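These notes concern the structure reproduced below.
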Amino acid sequence: MPAATRQPINATTRFCAVLGHPVKHSASPAFQNAGLQALGLDWRYLAFDVHPDHLRDAIEGARRMKFIGLNLTVPHKLLAVKLVDVLDESARRWGAVNTIRFEARDAKRRWQPLRTFRDGEAPETIRTVGFNTDADAIVRSIREDLGLDVRGKRVLLLGAGGAGRVAALKLAEVGAGSLHLVNRTRGKATALRREIRRRFPKVCVAVGYPDGPVDLVLNATSLGLRAGDPLPFDPAQFALKNVRAVYDMIYRPAETPLLKRARQAGCRTANGLGMLLWQGVAALEIWTERNAPVEIMRRALRRNVYA
Ligand code: ATR
């Protein structure tokens, strides 16, 4: 698809944004703006550093300024569940919100996305609808970037925080054979094991390192983001030599110490770029109700992260 000529910002330009704390490393503006431009929309995608204490005010401000939608990143995804007016089924299922769509009622009193109203014509009563596009994105990226279908597979999941919980539940939903959960704070892994047993009783789930070979190691901790971070697993308790593939949700740096070690051990590896792409593609489709220009967004994302 040829990139449309970008119109300069003017008084009718519409806005989306990502809210995070911190947010300056986000690659979302780069690839979302490429997508918006390719769709020929006079919209812009911005990034704002919002402290969690001010998340409610920031969402309210975006609503009042008739933004089209928002993305939420660390640490807002759980908090936002309580702040939106309506939870889409995806947000209810995974207990986290990473995408908000603003909606208003049309002449027939049906709720419609704000993009369907011309600027200045949207009613003042606007509601917020929370979605989760992360969970599907994880599995899609693992399949696309590692060539791995997780059904029936043995998985070691590192991290049971917000991202780790959604990943574990989604892997259980799609039928991972066994899940081994490791987290610095063991209580969180134990609570997650309980939740998986309750919601997905067919999945074999344990806390601690597995014995024997593993199909997939998935890092959902923040270890690897900062230079000098230790590995997210204990090499005295677990070795990468019996692992087929390693996925790191971190995408900046593009190769974390974990991925480097995994590559050297002969594992297939992928970083979190694909997950970021697919959650963003789904968000753009929620806001625009059009097919997203995936390849243009993918190229823009790669340029931003690998440049
Ligand atoms: P996110 O929403 O990105 O998952 P989070 O909920 O704060 O953020 O989770 C961060 C994850 O990284 C957790 O698994 C956390 O372990 P704890 O639950 O024990 O906090 C893990 N993590 C962060 N810093 C760590 C460190 N220095 N060593 C080990 N694990 C760490």
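Read-outs throughout are calculated quantities, based only on the coordinates presented, and are distinct from any laboratory measurement. Since the model is a prediction, treat every value here as computed from it, not as a measurement. Note that we place each Cβ from the backbone using ideal geometry, even for glycine, and neighbour counts take in every protein chain shown.
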_I'd like the GluC sites (Glu not before Pro) in region 50-104 restricted to DSSP loop residues with at most 15 other Cβ atoms within 10 Å, sorted by number._
none
_Placing unit charges on C-beta atoms (Lys and Arg positive, Asp and Glu negative, everything else neutral), compute the dipole magnitude of region 136-271 about its Cα centre in debye, rounded to 20._
340 debye
*Which ³J(HN,Hα) values in Hz, rounded to whole numbers, follow from the phi angles of region 185-195 under the Karplus curve 6.51 cos²θ - 1.76 cosθ + 1.60, where θ = phi - 60° and Gly and Pro get x?*
8, 4, x, 5, 5, 5, 5, 5, 4, 4, 5
*Picking from G159, G272, G177, which is most flexible by a Gaussian network model of the chain using Cα springs under 10 Å?*
G177
_Amide H within-cut-off set for G224, under 5 Å, with H built and near neighbours excluded_ = D229
*What list of ³J(HN,Hα) couplings, whole Hz, do you get for region 88-98 from phi and the Karplus terms 6.51, -1.76, 1.60, once you set θ to phi - 60° and write x for glycine and proline?*
5, 3, 4, 6, 5, 5, 9, x, 8, 10, 10
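Just add up the charged neighbours of T221: K/R +1, D/E -1, any other residue whose Cβ is under 13 Å from the Cβ of T221.
Combined, the nearby Lys, Arg, Asp and Glu give +1.
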*Could you run the Karplus curve 6.51 cos²θ - 1.76 cosθ + 1.60 with θ = phi - 60° over region 165-174 and give me ³J(HN,Hα) per residue in whole Hz, x for Gly and Pro?*
5, 5, 4, 4, 5, 5, 4, 5, 4, 7
*Amide H contacts under 5 Å for K77, placed H, 5+ residues apart*: none
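Can you pull a Stokes-Einstein diffusion coefficient for region 214-305 at 25 °C (0.890 mPa s), Rh from Kirkwood over Cα pairs, as a whole number of µm²/s? The partial results should precede the final answer.
Details: Rh = 14.4 Å.
D = 170 µm²/s.
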*Taking the Cα-to-Cβ direction at A254 and at A191 and moving 7 Å from each Cα, how far apart do the two end points lie in nm?*
3.7 nm
*Residues listed by number, region 136-150, amide nitrogen under 13 Å from R93 label point at 7 Å toward C-beta*: 136-140
*Return the long-range amide H neighbours of S178 (sequence gap of 5 or more, or a different chain), with a cut-off of under 5 Å between placed amide H atoms.*
K153, R154, V155
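Please compute the alpha carbon radius of gyration of the chain, then divide it by the globular-protein estimate 2.2 N^0.38 Å. Two decimals is fine. Write down the numbers at each step before the final one.
Working: Rg = 20.0 Å, N = 307, 2.2 N^0.38 = 19.4 Å.
Compactness ratio reported: 1.03.
Can you tell me how much longer the chain between E121 and V74 gets when fully stretched, taken as 0.36 nm per residue apart minus their C-alpha distance, in nm with one decimal?
Working: separation 47, 0.36 × 47 = 16.92 nm, distance 3.32 nm.
Difference between extended and current length: 13.6 nm.
After finding the eigenvalues of the alpha carbon gyration tensor for region 136-271, what semi-axes result from the square roots of 5 times each, listed largest first in whole Å? Present the calculation step by step, with values, prior to reporting the outcome.
On the way: eigenvalues 88, 52, 40 Å².
For region 136-271, the semi-axes come out at 21, 16, 14 Å.
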*Where does region 1-91 land on Rg/Rh, using Cα atoms and the Kirkwood Rh?*
0.99
*Amide N proximity, region 128-154 versus R268 label position 7 Å along Cα-to-Cβ, cut-off under 17 Å*: 138-154
*State the Cα centre-to-centre distance between region 258-307 and region 15-50 in whole Å.*
15 Å
*For the chain, what is the calculated [θ] at 222 nm in deg cm²/dmol (nearest 500), taking -39500 (n - 2.57) for each run of four or more DSSP H residues and dividing by its residue count?*
-10500 deg cm²/dmol
_Rough spin-label spacing in nm, given labels placed 7 Å along Cα→Cβ, for N242 and R290_ = 5.2 nm
